[in-house]
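A quick write-up on the structure given underneath.
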Amino acid sequence: MEMDSQGKDGDGQSGQGWRWTVWARMEMDSLGKDGDGLHTMCTENQTMVSEFLLLGFQSLKHYKVLFFTFILLAYIIIVFGNLLIVILVSTNHQLQVPMFYFLKHLALVDLLVTTNIVPKMLYVILMAGATISRMGCLIQYCTHSLVLYTQTLVFAAMSLDRYMAICQPLRYASVMTPKLCRYLTFWSWAVGLFLSPSELTLIFQLKFCRSNVIDHFFCDLAPVLMLADSNRELVEWHDSVISFTLIFLPFLFIVLSYVCIFITILKMSTFSGRQKTFSTCSTHLATVSTHCGILVTVYVFTQKGNPLHEIKLTSLLYTVLTPFINPLLYSIRNQEFRKAIKKLINGSKGK
């Protein structure tokens with residue numbers, strides 16, 4: 001009776017009672033685990049989970065309208081800014097250089113990152129929790145993995161471009177040809193496309209019979225695997241191998257490239273020469289640092305014992321902050337890009 005009396009929240013919905021049901025199901029799930037903290041195997045009379053419940057940001061339920069508005073505005077800026085980059089690089093001949101060619105693909109990746117997660121996240125925030133089908137959840141994660149791998153590989157290609165421009169300037173034109181740029185971007189997308197189906201197949205074979213509650217705002221691998229009632233070691237091994245190959249190795253290449261770049265800059269005789277050369281790669285360095293810093297925070301330094309709100313906060317920074325700041329950094333710091341924007345604005349006024 002006491003629970004029923006508190007069942008209505010300020011919006012006229014039975015939100016509090018619904019949340020009581022959610023936490024009750026989580027409590028039942030915790031009782032259904034064995035001594036090692038793993039779920040027991042599914043039995044014949046258990047029904048397979050057909051959908052998952054994303055809890056989102058329960059601690060911010062009293063500020064959900066404000067939070068929803070903030071994320072929506074950020075998403076609009078992300079879409080507008082990255083579409084502007086794609087249009088400018090595709091139509092402006094002055095931007096037909098390798099660095100901006102890679103930037104265009106980075107903008108496409110950022111659009112996919114946010115479009116894959118943010119629209120559903122907005123609904124989860126507004127409803128203080130929402131369901132997602134099992135297939136939709138797995139596809140969302142695999143799409144997230146695909147764009148994550150592509151993003152890191154594109155950053156590595158941009159690092160190669162900066163390395164050749166600063167450390168090997170005499171060979172730059174002969175090495176960074178349009179053919180090589182197309183080749184690098186093709187494989188940046190293709191590798192993830194080739195590997196994602198295998199990971200999706202392995203995850204889809206997992207059995208989910210007890211809990212379907214994901215205390216997150218999207219279907220990331222770790223919270224999904226926590227709900228699996230079957231052996232998940234193969235999925236974890238597969239994910240570790242791919243992450244090492246497509247995230248750690250490109251990240252190592254980026255670090256080594258910038259070590260060589262910094263050594264080359266420090267060897268320059270004049271301060272003005274060092275400053276001018278560093279300005280050609282400072283924007284890319286800022287975006288790489290933000291991307292890799294947040295990525296390492298989320299997937300390396302975020303431990304299982306950390307509070308859930310901290311894990312969700314770092315994931316929010318990665319899925320929203322990086323795609324948000326990339327267009328701003330390039331539009332503010334790059335002179336050629338600013339000229340292209342002015343030319344586009346003046347051209348539209350002339351019409």
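So which residues in the range 223-244 are of a type in the set (A, V, I, L, M, F, W, C), loosely packed, with under 14 Cβ neighbours inside 10 Å and over 18 Å from Thr152 (Cβ atoms), if there are any at all?
Leu234, Trp237
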Give me the pairs, please: first residue somewhere in the range 77-96 and in a loop (DSSP other than H, G, I, E, B), second residue anywhere and open to solvent by less than 30 Å² (accessible area, probe 1.4 Å), beta-carbon distance under 8 Å, and either six or more positions apart or on two chains.
-> Asn92/Ala340; Gln96/Val89
Go through the residues of the range 158-178 one by one and say whether even a single one is within 28 Å of the chain's Cα centre (by Cα), under 30 Å from Cys137 (Cα atoms) and surrounded by 20 or more Cβ atoms within 10 Å (Cβ to Cβ).
-> no
Of the listed residues (Ser59, Ser145), the one being closer than 24 Å to Cys219 by Cα and touching a His at 6+ places or on another chain (Cβ under 6 Å) is Ser59
Can you tell which of Ile132, Ile76, Ile87, Ile117 is under 30 Å from Val288 (Cα atoms) and open to solvent by less than 60 Å² (accessible area, probe 1.4 Å)?
-> Ile117
Say we look at the range 258-294 and pick out the residues that are in a loop (DSSP other than H, G, I, E, B) and not hydroxyl-bearing (Ser, Thr, Tyr); which of these is most open to solvent (accessible area, probe 1.4 Å)?
-> Lys267
Restricting the range 91-114 to residues that are β-branched (Val, Ile, Thr) and open to solvent by 10 Å² or more (accessible area, probe 1.4 Å), the one nearest to Thr69 (Cα to Cα) turns out to be Thr91
In the range 47-73, residue modelled with the highest pLDDT [restricted to those that are surrounded by 14 or more Cβ atoms within 10 Å (Cβ to Cβ) and part of a loop (DSSP other than H, G, I, E, B)] = Leu55
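The values are calculated or read from the model by the stated rules, or taken from the named source; none is laboratory data. What you see is a predicted model; the values in this text were computed from it and never measured. Reconstructed Cβ throughout: ideal geometry from the backbone, glycine too, with neighbour counts over all protein chains shown. Side chains included, ligands, DNA and RNA excluded: accessible areas come from the protein's heavy atoms. Shrake-Rupley method; radii C 1.70, N 1.55, O 1.52, S 1.80 Å.
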